[in-house]
Amino acid sequence: MSASAVDRYAVLGHPIAHSKSPIIHSAFAAQTGQRLSYERIEVPLDGFAEQVRSLIAAGYRGFNVTVPFKEQAFALAQRRTPRAQAAGAVNTLMPTPEGLLGDNTDGAGLVADLQRLGVQLAGARVLLLGAGGACRGVILPLREAGVAHIAICNRTPGKAQALAEAFGVTVQPVVPTSAFDVTINATSAGLSGALPPMPPGAISAQTFAYDMLYASHPTAFMQHGAALGARVADGLGMLVGQAAESFALWRGVRPDAEPVLAQLRAALKA
Ligand code: ATR
C-alpha cells in the first residue's frame, strides 16, 4: 500500500442515503487522530454476501450493517461475539486473521446512552415495548448492566412469548402493572406518530422513558412520557453509542460520544 493509503470502512444497507454513520465516524476519527475513510454503500438486495467479500478483497477493514442485512451479516460471520449471538443479528463486521468477526453494538450503545443520561441500571425494573430485532438485541447488554428484571410487552403477544422463552424474561400483558424504572420503546410504531400498546402504569413520574427512535422534535412516545412526568430521551445517543462501540472494536480506541452527539443534535434541529 502507498503511504497515503487510509483504512477504509463503510456502512452497508438498502436504502442507505439517510445514514448518519459517515458523519459520526469521521468525527470520531478527527477526535482520536485516526486516519480512515468511511463511506455509505447501497448494497443490492440480493447481493450482500458477494458485496462484503469483494469489499474485503479490495482491502476494507470493517463495516457497519443496517436494514435489511443484519441477519444476513449474522449468517455470514465466521465468528460472533456473545452479544451478537444473543441478538441473532450483526451490525458490525471486521475481517480478522481467524475469519470474519460479527458483533452487535446496538445494545451496548443503548446502555452507554442510558448511563450518560444518569439512569441507574443496577437493580432497575425495565419494560421493553416491542419484540423485534431491536428489542432482542438489547436484552443481554441490559442484563450485563445489572438490571434486576426485564418485562416485554408487544402488540403481537406470541412474539413477546418467543423472546421470553429464549431469554427467560417476563411477558407483560397490557394490564395495569407496578411501576417500571425504565420503559424503552423498541417498536417502530413512532414512525407513524403512533404510541405502541403499553400497560397502564408502564410510565410514571419515577420512570425514565427512552425511545430508540429519534426525530427533530420529541417523539409521540416522549411526549406521552413527559405528560406523565417522566424523564424522557430519544435514541440519537444510542446511535452514536453503537457507533462508538464499533469504532472501539475496529481501532482499539474509544471515542467520546458526547461532543459528536451534540453536533448531530444541532444539525437535526437546524
Ligand atoms: P426492528 O428490527 O426495528 O425491531 P421488527 O423486527 O420489524 O423491527 O420489529 C418491529 C416491532 O415494532 C415489533 O415488535 C412490532 O410489533 P409486532 O410484533 O406486533 O409486529 C412493533 N410495531 C411496529 N409497528 C407498530 C405499531 N404501529 N404499533 C405497535 N407496535 C408496532
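The values are calculated or read from the model by the stated rules, or taken from the named source; none is laboratory data. Source: prediction; values computed, not measured. Every residue, glycine among them, receives a Cβ derived from its backbone with ideal geometry; neighbour counts consider all protein chains shown.
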For region 184-234, name all the residues that are modelled with pLDDT of 95 or more, farther than 25 Å from LYS20 by Cβ, away from the ligand (no atom under 15 Å from the Cβ) and not hydrophobic (A, V, I, L, M, F, W, C). SER204, GLN206, THR207, GLY229
Could you list all residues from region 197-212 that are in contact with a Gly (Cβ under 8 Å, 6 or more places away or on another chain) and surrounded by 21 or more Cβ atoms within 10 Å (Cβ to Cβ)? ILE203, THR207, ALA209, TYR210, ASP211, MET212
When residues of region 127-146 are limited to those that are near the ligand (Cβ under 8 Å from one of its atoms) and among the hydrophobic types (A, V, I, L, M, F, W, C), the one nearest to PRO173 (Cα to Cα): LEU129
Might you let me know whether region 180-193 holds any residue that is touching a strand residue (DSSP E or B) at 6+ places or on another chain (Cβ under 6 Å), among the polar types (S, T, N, Q) and part of a strand (DSSP E or B)? yes
When region 132-162 is examined, which residues are found to be touching a helix residue (DSSP H, G or I) at 6+ places or on another chain (Cβ under 7 Å) and either more than 19 Å from ASP211 (Cα to Cα) or assigned to a loop (DSSP other than H, G, I, E, B) (or both)? ALA145, ASN154
Checking the structure you have, find out if any residue of region 195-205 is in contact (Cβ under 8 Å) with a residue 24 or more places away in the chain, of a type outside the set (D, E, K, R), closer than 27 Å to ALA148 by Cα and part of a helix (DSSP H, G or I). no
Unique match (being away from the ligand (no atom under 15 Å from the Cβ) and either within 15 Å of ASP211 (Cβ to Cβ) or within 12 Å of the chain's Cα centre (by Cα) (or both)) among ALA112, ALA124: ALA112
Kindly indicate whether THR177 is more than 16 Å from the ligand (Cβ to nearest atom) and surrounded by fewer than 21 Cβ atoms within 10 Å (Cβ to Cβ). yes
Consider only pairs whose beta carbons are under 9 Å apart and that are at least six residues apart or on different chains; among these, list those whose first residue lies in region 240-257 and is in contact (Cβ under 8 Å) with a residue 40 or more places away in the chain and whose second residue is in a loop (DSSP other than H, G, I, E, B) and among the aliphatic types (A, V, I, L, M). PHE247/VAL253
Please indicate, with yes or no, whether at least one residue in region 139-151 is within 17 Å of ASN185 (Cα to Cα), modelled with pLDDT under 95 and not hydrophobic (A, V, I, L, M, F, W, C). yes
Filtering region 147-162 for residues that are more than 8 Å from the ligand (Cβ to nearest atom) and in contact (Cβ under 8 Å) with a residue 40 or more places away in the chain leaves a count of 1
If ALA84 meets every condition in (1) under 19 Å from ALA244 (Cβ atoms); (2) without any contact (Cβ under 8 Å) to a residue 60 or more places away in the chain; (3) surrounded by fewer than 20 Cβ atoms within 10 Å (Cβ to Cβ); (4) not acidic (Asp, Glu) apart from one, which number is that one? (3)
